[in-house]
Amino acid sequence: MTAFWILMGLAAVAAIVDWVAVAREDTRLEYVAKPAVLALLTVAAAVLPSTHTDLVDRKWWFVAALSCCLVGDVLLMLRRDLFVPGLVAFLVGHVLFIVGLLQPPSPAGTPPFAFSTTGLVVASLVAVAYGAVPATLIFRALARDGGGALVAPVAVYLVAILTMAVLAANVGVPAAATGAALFVVSDTVLALGRFVRPLPHGDVVVHVTYHLAQMLLVLSLVR
């Protein structure tokens, strides 16, 4: 576990450096710090010993998901407009997170695995209620500004991330639920800033909530 905690600590340091870089609009520093965070978190998840997790299968799906998010990070921070490829990378990442969240702990039937019809329904209603207003604003802005081609990809992405959040809220691990919720917040602020109008300190909010989300998702694997 020593290597795991060292990597998590380095990821936290890299995240703080990235937040400062974004606040100061220091692009060069951001180009180094931002991908470093996900690279360190991916390796941390990969080296998490099986003796310290009941979620070995979930761990490897999360490693794959984090790798896709790292690719998405790189694509979205480049000067070229690679929003669609970046969106696809994160979409694949969310699908992998979803598959990971569906993996039961070992031995089967032991916590954390708390799916229930009531829990899924309640979490789904909360997710829909939360996403309704920003989704409406985003889709109206896309239609107004000639971004009709993005409506379908953005809609699919929205369904994927909300599904991930609903499942994370029902696996019985507070870190997973909180991480997924912060991921939704981060992407909401990002989408509103890109398609509707820039929000005050929006970039910093996006980076802080995104990195905290990924850290919590990795920590949710630890027993």
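The values are calculated or read from the model by the stated rules, or taken from the named source; none is laboratory data. Owing to the predicted nature of the structure, the values given are computational and were not obtained by experimental measurement. As a convention, Cβ positions derive from the backbone with ideal geometry for all residues, glycine included, and neighbour counts pool all protein chains shown.
List of remarks:
- Pair list, Cβ < 6 Å and 6+ apart or interchain, from region 24-47 residues that are in contact (Cβ under 8 Å) with a residue 40 or more places away in the chain and under 16 Å from LEU75 (Cβ atoms) to residues that are of a type in the set (Gly, Ala, Ser) and part of a helix (DSSP H, G or I): GLU30/ALA21; VAL37/ALA11; VAL37/ALA14; VAL37/ALA15
- Condition check for LEU150: at pLDDT 90 or above, buried (at least 18 other Cβ atoms within 10 Å of the Cβ) and not β-branched (Val, Ile, Thr): no
- Region 171-184 - residue that is surrounded by fewer than 19 Cβ atoms within 10 Å (Cβ to Cβ) and modelled with pLDDT under 95 and, of those, farthest from the chain's Cα centre (by Cα): GLY172
- A count restricted to region 1-43 and to residues that are hydrophobic (A, V, I, L, M, F, W, C) and outside any helix (DSSP H, G or I) stands at 1.
- Within this structure, THR42 fails the test of being at pLDDT below 95 and of a type outside the set (D, E, K, R).
- Odd one out for ALA143, checked against (1) farther than 30 Å from VAL218 by Cα; (2) of a type in the set (A, V, I, L, M, F, W, C); (3) touching a residue at least 12 places away in the same chain (Cβ under 8 Å): (3)
- Scoring ARG79 on the criteria (1) touching a helix residue (DSSP H, G or I) at 6+ places or on another chain (Cβ under 7 Å); (2) in a loop (DSSP other than H, G, I, E, B) leaves a single failure, condition (1).
- Where a residue in region 71-92 is touching a residue at least 12 places away in the same chain (Cβ under 8 Å) and its partner, wherever it lies, is not in a helix (DSSP H, G or I), with Cβ under 6 Å and at least six apart: LEU75/LEU82
- For the residues VAL99, VAL154, the requirement of being assigned to a helix (DSSP H, G or I) and under 30 Å from SER50 (Cβ atoms) singles out VAL99.
- Within region 186-221, tally of residues that are in a loop (DSSP other than H, G, I, E, B) and crowded, with 19+ Cβ neighbours inside 10 Å: 2
- Single residue of region 45-58 satisfying the filter (assigned to a helix (DSSP H, G or I) and either hydroxyl-bearing (Ser, Thr, Tyr) or modelled with pLDDT under 95 (or both)) that is surrounded by the fewest Cβ atoms within 10 Å (Cβ to Cβ): THR51
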